[in-house]
1. Could you list all residues from the stretch A:231-249 that are surrounded by fewer than 24 Cβ atoms within 10 Å (Cβ to Cβ) and aliphatic (A, V, I, L, M)?
2. Considering only residues of the stretch A:167-176 that are assigned to a loop (DSSP other than H, G, I, E, B) and within 17 Å of residue A:233 (Cβ to Cβ), which is farthest from the other protein chains (Cβ to nearest Cβ)?
3. Within the stretch B:246-276, count every residue that is in contact with a His (Cβ under 6 Å, 6 or more places away or on another chain) and within 14 Å of chain A (Cβ to nearest Cβ).
4. Please find, within the stretch A:319-344, the residue that is farthest from the other protein chains (Cβ to nearest Cβ) out of those that are within 16 Å of the chain's Cα centre (by Cα) and in a helix (DSSP H, G or I).
5. Out of (1) modelled with pLDDT of 95 or more; (2) away from chain A (no Cβ under 14 Å), the odd one out for residue B:279 is which?
6. Using beta carbons and a limit of 7 Å, which pairs, at least six apart or on different chains, have the first residue in the stretch A:180-197 and within 15 Å of residue A:259 (Cα to Cα) and the second one among the polar types (S, T, N, Q)?
7. Being surrounded by fewer than 16 Cβ atoms within 10 Å (Cβ to Cβ) and facing chain A (nearest Cβ under 7 Å) is the filter here, so list the residues in the stretch B:228-245 that pass it.
Amino acid sequence: MLKNTKEKKGLSYVQKGMEGQELPYVLIDSIGGKHGVYEDHLEFLKKHFQLITMKEYLENKKFLSENIKAVYMWYHKPVINEGLLQSLPNLKVVASSGVGIDHLDLKLLSSYGVKVSNTPFAVSTDTADFGMALMLASSRRLVEGYQMAVSPNTEYSPADCLGAEVSGATLGIVGMGTIGYKVAERAKAFEMKILYHNRNQRNKEEESAVGAIYCKKIDDLLQQSDFVLLSVSLTPQTHKLIGKRELELMKPTATLINISRGLVVDQDALVEVLQNKVIKAAALDVTHPEPLPRDHPLLNMKNVIITPHMASATKKTRRLMMENMTESIEAGLRGLPIPNEVLL
Amino acid sequence: RYAFPPGGGSEALLGGGACWRRGWGSAHCRAMFRFTQKKCGLSEFGGRFTLLFNAWRKHTQPTAAVLPSRSLIPVRKANFRGLSLPDNPSLRGLYSRTPKADVQVMAGEELPGVLILDVGGTHGVLENLVALLKKHFHVITLKEFRENKEEMRKKIQSVFVFENRPTIDRELLESLPNLKVIGNSGVGVDHLDLKMISNFGVKVTNTPHAVADSTADIGMALMLASARRLVEGCQIAVSPDTKYFAVNWLGVEVTKATLGIIGMGNIGYKVAQRAKAFDMRILYHNRNRRRKEEEEAVGAHYCEKMEDLLQQSDFVMLVVNLTPETHKLIGKKELGLMKPTATLINISRGAIVDQDALVEALQNKVIRAAALDVTYPEPLPRDHPFLKLNNIIITPHIGTATVQAIRMMTEEAIANILAVLNGKPIPSEVFPK
């Protein structure tokens with residue numbers, strides 16, 4: 001049997017689990033490099049799964065198609081389309097890294113009976129931290145200051161880099177989910193006045209714990225905030241939530257911070273209002289597309305900070321994400337309730 | 001004990017809560033609370049300065065407006081603490097106990113002279129701040145003084161030192177016979193020879209309250225930016241060579257990490273308050289241990305030995321004054337004690353760190369990274385090894401570079417200078433050791 005398996009698969013070994021049974025086959029995109037599954041995660045993953053890279057799959061489609069039961073989607077790869085779904089008849093679970101699922105066609109997956117999971121809690125603290133980092137860096141002109149401090153020209157004074165205070169300012173959080181609430185917890189320590197807009201109002205204890213004031217109309221939040229932070233998920237309802245009208249409602253001294261998805265903002269409108277100083281500045285961890293084309297106007301603006309979608313980019317968090325995804329896949333394959341399942 | 005709160009008049013408009021947030025002692029706050037309660041006839045106030053302002057107006061001008069209803073309270077930008085007093089005629093003279101007396105001085109007699117380096121320019125006082133000074137003083141620039149020494153020398157009773165300028169040397173002190181006070185903008189006075197100045201019978205004041213929030217904020221900003229590799233990330237995001245974003249590009253966590261604060265004064269304590277919200281484990285080292293309630297409020301653990309703090313911290317933040325005792329406080333030994341994954345953040349003074357030792361430590365990855373708002377000198381020479389490292393963030397001493405802080409520093413300095421000139425209790429005098 002072993003000999004047969006070797007010949008069929010062309011693999012040098014068959015992985016066996018703790019009880020000696022064969023480990024489930026899980027499809028991944030690649031290992032290592034700039035996009036692949038992290039090499040230091042392999043040891044853990046290989047205890048639970050037989051990892052099949054896209055390349056290995058394409059070389060041995062006939063055998064592997066039947067056996068692949070789950071997809072470990074690390075940063076949107078491998079891409080799952082109808083073609084792939086049709087060729088993986090026994091696919092049960094797709095575990096997606098991160099919290100956003102706007103890149104997945106949930107309806108399609110559901111129609112094939114495939115369950116989906118994400119990692120909402122693993123990313124929440126790092127993303128909230130990063131939101132604060134962007135707000136502070138933008139307001140205090142940290143990146144400009146750094147460039148001044150290391151540039152060949154030394155004729156400058158701190159007055160050339162005069163920023164605005166974060167402490168005591170008004171922060172408007174659009175989207176008070178797990179991440180938004182953690183931002184509020186942090187902002188409170190800076191004595192910020194916190195306004196929030198959400199589909200549903202949070203309960204009184206949650207509100208008073210962070211001193212947050214509910215704004216039923218987003219307009220009220222936009223008009224009063226010195227910093228507007230977007231922490232909503234991308235859905236058809238939040239697509240271009242912040243457009244020209246919303247940007248014009250903001251104070252001319254306000255800063256927009258986006259840690260959700262690029263498409264939540266009407267990017268062209270944003271370029272225009274920044275150029276015309278309708279708002280003061282923007283700090284974006286997310287854009288559309290990522291990365292922006294190299295000639296995009298946002299890349300050249302002094303009052304814009306852009307970071308390469310790194311709000312959850314820490315070693316510990318990525319490891320936790322991987323462990324969460326492993327758990328979700330295992331539960332799905334055993335027919336148990338899936339932790340962090342994404343329901344339609 | 002306090003008939004009028006020290007620190008000038010703006011604080012009179014702040015509620016007890018606002019005073020506490022500024023990190024003032026509880027006796028101070030209680031006194032302020034009682035004072036304002038009595039004077040303004042209010043039983044309860046939530047720190048909204050407009051309410052208090054109107055109450056104060058009611059007190060000084062009996063026919064003035066009644067307290068506005070909540071809906072009329074203007075939403076003031078950025079909850080700016082402290083009204084711009086010098087702009088408001090009804091509040092003129094708030095810096096002394098007898099408002100009328102000061103108004104008389106301003107109307108008829110000459111204002112006391114204050115020396116500044118310059119108006120505007122690279123190192124001069126910002127123009128909007130000069131306008132503030134002009135409401136209380138006859139402002140004389142160094143150039144004007146030098147061109148007209150005979151006339152000006154007797155007029156100058158004070159010097160407003162802004163960004164360490166003008167330099168106070170023996171020659172200057174000798175040429176100003178009526179100089180009574182040097183009002184420094186900012187809290188650090190390591191650029192002033194306190195002993196020499198004292199020998200001339202001149203007092204020195206600084207502005208510890210105005211700087212605290214903004215400096216604590218920059219400490220947090222640097223810690224977050226360094227840990228999460230924000231500056232590097234920005235460079236990647238805009239670089240012409242970037243075709244896609246790598247997913248294996250990682251920083252280190254701030255939440256739940258251990259922060260070691262060296263120097264738990266006003267600013268250090270505010271850093272602790274902010275770090276607590278990030279669920280950080282907070283250690284601190286200080287000349288004196290803080291009271292139990294203060295420690296508990298931020299969850300800080302005292303490290304009597306600095307070595308203990310260095311060995312356990314993921315982030316080491318320096319928030320001390322520069323004195324002979326703290327000069328090169330962090331040297332090769334201290335850097336060697338830190339974790340190889342640790343980050344050093346300096347928001348005090350460059351000379352507190354042995355810079356050569358830090359270069360070596362960063363090059364050899366003895367520590368992970370550094371983030372410095374201050375260096376020695378400022379700015380660094382362009383060929384300094386710091387500028388070539390990729391695990392360092394340097395900012396051009398912007399700890400208090402906010403519109404609000406810089407204005408508050410000027411107001412605090414003005415209040416201190418006027419207190420000296422009017423023979424009143426001085427809010428923030430600095431004494432030579």
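1. A:234, A:241, A:247, A:249
2. A:175
3. Selection size over the stretch B:246-276: 1.
4. A:324
5. (2)
6. Here the result reads A:180/A:231; A:182/A:124; A:182/A:125; A:183/A:231, each pair linking the stretch A:180-197 to a residue that is among the polar types (S, T, N, Q).
7. B:240, B:244, listed by residue number.
Residues are listed down the side, and each one gets a yes or a no for (1) under 23 Å from residue A:155 (Cβ atoms); (2) within 14 Å of chain A (Cβ to nearest Cβ):
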residue	(1), (2)
B:126	yes, yes
B:139	no, no
B:148	no, no
B:155	no, no
B:159	no, no
B:162	yes, yes
B:167	yes, no
B:171	no, no
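The values are calculated or read from the model by the stated rules, or taken from the named source; none is laboratory data. What you see is a predicted model; the values in this text were computed from it and never measured. All Cβ positions, glycine included, derive from the backbone under ideal geometry; neighbour counts span all protein chains shown.
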